[in-house]
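Data first, discussion second: the structure below is written as structure tokens.
The values are calculated or read from the model by the stated rules, or taken from the named source; none is laboratory data. Everything quoted here is computed from the prediction, not taken from an experiment. All Cβ positions, even for glycine, are placed from backbone atoms using ideal geometry, and neighbour counts span all protein chains on display. The accessibility values were calculated without ligands, DNA or RNA, using every heavy atom of the protein model including side chains. Shrake-Rupley method; radii C 1.70, N 1.55, O 1.52, S 1.80 Å.
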Amino acid sequence: MTTAPSAANRAPAQTGRSILVRVLRCDGPGKPSRWEEFKVPVEKSANVISVLQYIAANPVTAQGQPTTPVVWDSGCLEEVCGACTMVINGKVRQSCSCLIDEYAPREGDVMTLEPMSKFPVIRDLWVDRSRMFHNLKRVKAWVPIDGTHNLGAGPREAPGNQEQRYVMSTCMACGCCLEACPQFTLEGDEKKWDEAFLGAHAINQARLFNAHETGKALARERLDQLAGPGGVNDCGNAQNCVKVCPKKIPLTESIAAMGRAVTVHGIKRFFGL
Amino acid sequence: MGSEHRVIVVGGGLAGLAASVRVAEAGLAVDLFSMVPVRRSHSVCAQGGINACNEVARQQGYSEYEHFDETIYGGDFLADQHPVLEMANWAPRIIDLLDRMGVPFNRTSEGYRDLRLFGGSLFKRTHFAGATTGQQLLYALDEQTRRYESEGKVTKYEFWEFLWPIVEGGRCVGIVAQDLRTMQIRAFRADAVVMATGGCGLVFGKSTNSVICTGAAAARCYQAGAWYGNPEMIQVHPTAIPGADKTRLMSESARGEGGRVWVPRKAGDKRRPKDIPESERFYFLEEKYPAYGNIVPRDIATREIFDICVNQGMGVWGENQVFLDLSHLPASTHHKLEGILEIYKKFAGEDPQHEPMRIFPSVHYSMGGMWTTFVKGSYNPAQARAKHKSGTAAPIGAEPGQGMLAGDPRNMVTNIPGLYAFGEVNFAYHGANRLGANALLSCLFDGLFCGLSVVNWVRNEAPSKAPAAKMAQGVFDAAVAREQAKAKRILDTVTGPGAVEAAVNPYAIGKELGDEMTAACTVVRSEARLKQCQSKLASLRERYAKLRLADSAGWTNQSFTYTRAVGDMLILAEAIALGALERRESRGAHYRTDFPERNDEKFMKSSVTKFDPASRTTRLEWQEIDASLILPTARTYGKKDVSAAGKPAAMAGAGV
Ligand SMILES: Cc1cc2nc3c(=O)[nH]c(=O)nc-3n(C[C@H](O)[C@H](O)[C@H](O)COP(=O)(O)OP(=O)(O)OC[C@H]3O[C@@H](n4cnc5c(N)ncnc54)[C@H](O)[C@@H]3O)c2cc1C
Ligand code: SF4
Ligand code: SF4
Ligand code: FES
């Protein structure tokens, strides 16, 4: 597991301490990267976001060099929007739910912040994850409703099925599963996205919509996509994805289920069914 | 390009996405702008659920009309009534639509949609998907939008910031926006612009809102001449976890599912909650409000908690906090609340299944917002207005289509024709206090119902004769030049990288703004404190004029973006403070220590603020509201007087 020690058995952290934060910075696409260090006083219930907020307001390095504020992406600050994902102490996770007391409980403790490596860097810790949304189009991750007119309720659903769909549907497109996956590699060229590996995130979404009564209408098209280049067969079954998913989505189950469905779909196709 | 008509939607939360889907479905091209990828919009945070009359509640005597009635009563009679009636009437259809889109609503054993109890109602009428309902709703709309995007009917501009509406010939004909990566500023033409930019929690520094909820977009429209209604109506949610970067919400569903709020009866009791016997616990909401108990509306719960902590010094362990206790609930209930319990576990480090949570009120929602208008439907009961009695059948003729006139181009349009405001950013529906689980509904209702109004404006009114696409270039170029000049003025303050002294540091100014607004303009307000707040705002404005920026980058310059927003937040703060000062009564979320009573004669009116660009000052006017359906009554939720000592004292305002 890549998570920090669980909050419940957290060692008491020193109060009034400062920590050293090392940030891998980059001014923009194609620009070289560099490390900068910041000494940051830690307030009560500090997280990586409050640390970055401090740096934004006081952009001076630990060595006393004036610099520019660090740029990063965030939104909800409660681990539900997926925006703030970065690599912290070598492991990918959300920065908003990363509490300093767990990671750097003592005076002078060091934390490192790096942008995800599987997506092009926009600036500093902010990366461009548009490929993830593009992949949602590839697997047609939607229910093809007839329109917004008043046509009555949707299909009734057994609670068990709802529970299964709900968990899959909590995916916040954070990208952790892709950062951890050896098969998913950085691809800056948009034109190559349609052939490149979809990754656990999109495969799981294909399963989610194939599990809905009306969503099923597009099941064949989704399976065609998953059977093609960059589809489910590119998965090397390393299982890294499931270990880092903050929403505990059973990704390997989803991949296995889609793998089977693709096989069956292939056989049916072969026999023209 | 396809059609020569284009519609711009600014904001990709629930309101913006619903509008995009509705307008695209009707065949107009949509350009959708958002500061963040729309799937990450603030709506994703909503936890508890969405209200609508349903079959089970109906068979117990509930109705759309009662949903309407609760919303008006909950909002302390400040909302215009006809639009609320229409919203309540449409609610069941909206749930059905979401259901068809595949939202994984919780199910009963028979496979029907499950329901939970929420504040301000005695009926179960809240539909939910775990404790992350907003996320699930937003995703469903995001998916439908993506479908239209892949068909070329919606064009997304994500990581683009709206800067200004372009108004020409008395109507809105486009916007100026900036790419937050390249920093390019450019104009976009449109025959209608829908603002769906959400709330303004960041004006108060820490709130339950996302980091993008600055209110800057609304403040810019306001400075461009759009009016802003009931700015003083800011909801402070009773139950949030304080944090270093924000406050995190503990949804009302925690109480709806049986969570109990309490403090030790003895002030300063240092024992662990588990060691305090039942008889030594003060369940103050349950004792004071026997009918509603822990699910009284938010403004009431907030003031009671505030009173217990701040006035009576009875906060848990001597701090400003009370217990929100779920530890007595069964595992199946904990399971339904998993999403929020996880949040508490993660951020507070304790497990609410075993330990009561410690919470305190926090700024949460803005009932006020951009002023909008509407056209009444045909429902106008001949009988005199009356207080609707719980559980009786809806008056005849109150069905959909009767509250607001469907498709009329004037529904939810601002005072600038062609400029619409949908969702949290407008001031309609929630009056002086919003009921839990009514916000998501109003966002979707605006997008789906008033989306048609936008379409009809474009097809049948001024734009049909003079489309924005055919207008002379000059006005668009001039608007871009003005925004470039504003940007240059801020960027020119950069003297070099590094720390900036606090007096002129935009982050320090932003923080002081938040601290001041929280202290003066939230739970309790008074003439003296508000005047002090106004002078503080004036001094912050002066400091802002001399600000210094630390980053001159022409690429992805976040400090610049934030700094520009602080200027707009200062303007919005002024409107909020002015409204709070001028409303010399107490109503809903607005509580004045010097005027503790509601005063219908003088103030059952909307406060409408208008900005004067020449003097850069805010003016306030009072405007009559449509209260033609329900007669205002005292809003007490059956309160009783009790003290921590135990026995209920005399009944106050019983029976109303
Ligand atoms: C923690 C929390 C829990 C809640 N729970 C519930 C609940 O259970 N039930 C309920 O009914 N309500 C709930 N609410 C309220 C509800 O979530 C919001 O009122 C609602 O989601 C607002 O939606 P919206 O579409 O108006 O705006 P938002 O979802 O806030 O979206 C605003 C959009 O505008 C964009 N934007 C903003 N400024 C600009 C700009 N300058 N340029 C370009 N784009 C811009 C943003 O990028 C975003 O896409 C909750 C609120 C919070 C904070
Ligand atoms: S199981 Fe497949 S998708 Fe998951 S990390 Fe391994 S290779 Fe990647
Ligand atoms: S599947 Fe999990 S790790 Fe992957 S994007 Fe979704 S939430 Fe993140
Ligand atoms: S900011 Fe939304 S997940 Fe961290």
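Using only Cα atoms, tell me the angle between helix A:159-169 and the longest principal axis of chain A; keep it within 0 to 90° and round to the nearest 10. Helix A:159-169 and the main axis of chain A meet at about 50 degrees. Only the Cβ atoms of Lys and Arg (+1) and of Asp and Glu (-1) were treated as charged; on that basis the dipole of chain A about its Cα centre amounts to roughly 520 debye.
By the scheme Lys and Arg +1, Asp and Glu -1, what is the net charge of all other residues having a beta-carbon under 15 Å from that of residue A:63?
Here the charged neighbours net out to +2.
Taking packing as the residue-averaged number of other Cβ atoms within 10 angstrom, the listed peptides B:303-312, B:105-114 run from highest to lowest as B:303-312, B:105-114. Partner shielding of A:48-57 amounts to 4, given as the average count of beta-carbon atoms from other chains within 10 Å of each residue beta-carbon. Distant-in-sequence amide contacts of residue B:637, defined by a placed amide H-H separation under 5 Å and a gap of 5 or more residues or a different chain, comprise nothing. Beta-bridge orientation, chain B: approximately 75 percent antiparallel, per DSSP, counting only bridges with both partners inside. The modelled label-to-label distance for the pair residue B:485/residue A:63, using points 7 Å beyond Cα in the direction of Cβ, is 4.3 nm.
In this rough spin-label picture, where each label sits 7 Å from Cα along the Cβ direction, the residue B:56-residue B:286 distance is 2.3 nm. In order along the stretch B:195-202, phi translates into HN-Hα couplings of 8, 9, 9, x, x, 10, x, 5 Hz, rounded to whole numbers, per the Karplus curve 6.51 cos²θ - 1.76 cosθ + 1.60 with θ = phi - 60° and x for Gly and Pro.
For the peptides A:189-199, B:616-626, the ranking by mean Cβ contacts within 10 Å, running from highest to lowest, is A:189-199, B:616-626. Applied to the stretch A:140-150, the Karplus parametrisation 6.51 cos²θ - 1.76 cosθ + 1.60 on θ = phi - 60° returns per-residue 3J(HN,Hα) values of 6, 7, 7, 9, x, 6, 6, x, 8, 5, 7 Hz, with x for Gly and Pro.
Counting only lysines at least 8 places from residue B:153 when in the same chain, those with an alpha carbon closer than 17 Å to its own are A:137, A:140.
With contacts taken as Cα pairs under 8 Å at a separation of at least 6 residues, the stretch A:7-126 carries a relative contact order of 34 percent.
Association of chains B and A removes close to 6200 square angstrom of accessible area from solvent, both sides included, for a probe radius of 1.4 Å. Taking 16 Å as the cut-off, the amide N atoms of the stretch B:337-354 that come nearer than this to a point 7 Å along the Cα-to-beta-carbon line of residue B:328 belong to B:353-354.
Think of the protein assembly as shown as a dipole: +1 on every Lys or Arg Cβ, -1 on every Asp or Glu Cβ, centred on the Cα centre; then among B:314, B:643, A:208, A:208 lies furthest on the positive end. In the stretch A:7-126, the portion of solvent-accessible area held by carbon and sulfur atoms comes to 52 percent [1.4 Å probe, whole percent, DNA, RNA and ligands not counted].
For residue B:404, the residues whose modelled amide H falls within less than 5 Å of its own, excluding neighbours fewer than 5 places apart on the same chain, are B:86, B:377.
Taking all protein chains into account, the per residue accessible area for the stretch B:237-363 stands at 33 Å² (1.4 Å probe). The 3J(HN,Hα) values that the Karplus relation (6.51, -1.76, 1.60; θ = phi - 60°) gives for the stretch B:165-179 are, in residue order, x, 9, 10, 9, x, x, 8, 7, 10, x, 9, 9, 9, 10, 6 Hz. Gly and Pro appear as x. Electrostatic tally near residue B:40: other residues with Cβ closer than 11 Å to its Cβ, Lys and Arg +1, Asp and Glu -1, net -1. Residues of the stretch A:140-160 buried by at least 50 Å² of accessible area upon assembly of all protein chains, compared with the chain on its own (1.4 Å probe): A:142, A:145, A:148, A:150, A:156, A:157, A:159. With a threshold of 22 Å on the Cα-Cα distance, the over-threshold entries among B:288/B:336; A:44/A:243; A:247/B:345; B:511/B:531 are B:288/B:336; A:44/A:243.
Solvent-accessible area assigned to carbon and sulfur over the stretch B:237-363 amounts to 51 percent, based on a 1.4 Å probe.
Roughly what % antiparallel, to the nearest 5, for the DSSP beta bridges in the protein assembly as shown?
Just about 75 percent of them are antiparallel.
Per residue, the accessible area of the stretch A:129-270 comes to 43 Å², computed with a 1.4 Å probe over protein heavy atoms only. Between residue B:619 and residue B:464, residue separation times 0.36 nm minus the direct Cα-Cα distance comes to 52.3 nm.
With contributions of -39500 (n - 2.57) from each DSSP H run of at least four residues, the per-residue ellipticity at 222 nm computed over chain B stands at -10000 deg cm²/dmol.
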